[in-house]
């Protein structure tokens, strides 16, 4: 069906680029969803909880690694400046990952005690590797986005998803090892493959790279580390905070249920949202540079996202618990109840997240930082209220869902104003 739709649109058009990404992304996202019923029978909620805690730590630390310079790769008018930004981000990733490895060896016991779960201790040594792979992959990804290599991006997503899924099934030894090993394997293969696909661009631009230009672009785009490291740390921390807090305040079983909820719901919704967001970012950046605004493509994208999301969200609210029990076994019905509570938050996240790149395009990183601070505070307070006053994970997740919905609505208002120039 996607192939037939692609034939209707001219090469290079916004719709054609979205569909190109959707083809690969749909397959990539369908694979982990398809194997989830297998994984829920091979791994326990506790295993999912440990894996989710590991990923929460790695995700938060990955924000720091590149200095967020990879997000600036699509902005310069010349490939020369963009190539130097890419090299700068890679250098920072290696340096920071090495420092993290040192800290993990020195302070392993202290970090484990702070998290409150001894089972995470041996996996902390692998966090810097995940951070390194994530940073390099993001640099390659945004370069490919800049050069409109959407076909290669789509293929790479499928490769990453396939490798991760096969490894997680093959290494299911009765604990969370297989889940973590699969993620590392998928990230490694995908990074190497995307790098090899971009080798012609890399060879072409290697002579453009020199120290003085690296310093120049580092200064020119200094707002990215200055504001976005903090802002995106808050962003990632607030997204991962439910896992960390549910694990600490309730149990890894509760965080495991939540982790499956987030895995199953966020993946299919990001099939379309992620593809539209990637193409919107490139198109909006071009329009903003040329015209000083990108209101037209913003409104068009927002309408499409809303139309796509509203009906599935309503249906899912009513059938989520039964759906989870049917596909993942009755033992996972609680995850379906969590999914129902999170439906409204996922809806607002879907229609606003692809448009959030307006903070970067309009260079309003300082306002993004303020928004992210409130997002993290709301995440912490909402779950704490549910724990302190009700001692109920369901209430905590409901409060979290409501607070995030409000903040995503505020984000939509802000980014629309930015698009007007």
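We did not get these values from a lab; they are worked out from the coordinates using the rules stated. The model shown is predicted, which means the values in this text are computed figures rather than measured ones. Note that we place each Cβ from the backbone using ideal geometry, even for glycine, and neighbour counts take in every protein chain shown.
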Checklist entry - Which whole-number percentage describes the relative contact order of region 76-170, with Cα contacts under 8 Å and a sequence gap of 6 or more? => result 30 percent
Item to check | Sorted by Cβ density within 10 Å, fewest first, the residues 287, 368, 392 | outcome: 392, 287, 368
Next on the checklist: Just want to confirm a number: the relative contact order over the chain, from Cα pairs under 8 angstrom separated by 6+ residues, in percent.
Outcome noted: 21 percent
Next on the checklist: At a 10 angstrom cut-off on C-beta neighbours, averaged per residue, how do the peptides 166-172, 384-390 rank from highest to lowest?
Outcome noted: 166-172, 384-390
Checklist entry - Helix 211-220 versus the longest principal axis of the chain: what angle, 0 to 90°, nearest 10, using Cα atoms? => result 70 degrees
Next on the checklist: Just to confirm my numbers, what's the Cα centroid distance between region 25-91 and region 128-158 in Å?
Outcome noted: 9 Å
Checklist entry - Sorted by average packing, counted as other Cβ atoms within 10 angstrom per residue and highest first, what order do 238-244, 60-66 take? => result 60-66, 238-244
Item to check | Those residues of region 58-97 whose amide nitrogen sits under 18 Å from the label point placed on residue 204, 7 Å along Cα→Cβ | outcome: 73-87
Item to check | Mean separation of Cα contacts under 8 Å (6+ apart) over length of region 222-421, as relative contact order % | outcome: 32 percent
Checklist entry - What's the exposure ranking of 302, 315, 132, going from fewest to most Cβ atoms within 10 Å? => result 315, 302, 132
Item to check | Extension gain from residue 110 to residue 196, taking 0.36 nm per residue of separation minus the Cα-Cα distance | outcome: 27.0 nm
Item to check | Inter-label distance, nm, simple model (7 Å from Cα along the C-beta direction), residue 151/residue 80 | outcome: 3.0 nm
Checklist entry - Rounded if a/c is under 1.5, else prolate if a/b is larger than b/c, else oblate: which is region 1-221, with a ≥ b ≥ c the root eigenvalues of its Cα gyration tensor? => result oblate
Checklist outcome for this item: Footprinting proxy, 420, 197: sorted fewest to most Cβ within 10 Å, the residues are 420, 197
Checklist entry - Going by a ≥ b ≥ c, the root eigenvalues of the Cα gyration tensor, does region 322-421 fall in the rounded group (a/c under 1.5), the prolate group (a/b larger than b/c) or the oblate group? => result oblate
Checklist outcome for this item: Extension length gain for residue 366 and residue 315 (0.36 nm per residue less Cα distance), in nm, is 14.6 nm
Checklist entry - To the nearest 10 degrees, how steep is helix 333-352 against the longest Cα principal axis of the chain, on a 0 to 90 scale? => result 20 degrees
Item to check | Label of the coordinate-derived value, P(r) over Cα pairs in 20 Å bins from 0, in percent, listed as (i) 23, 48, 25, 4, 0; (ii) 25, 54, 19, 1; (iii) 25, 62, 13, 0 | outcome: (iii)
Checklist entry - Each label point is 7 Å from the Cα along the Cα-to-Cβ direction; what then is the distance between the points at residue 388 and residue 214, in nm? => result 4.8 nm
Item to check | CD proxy at 222 nm, helix term only [per DSSP H run n ≥ 4: -39500 (n - 2.57); per residue of the chain; nearest 500] | outcome: -27500 deg cm²/dmol
Checklist entry - What is the distance in Å between the Cα centres of region 363-421 and region 187-262? => result 21 Å
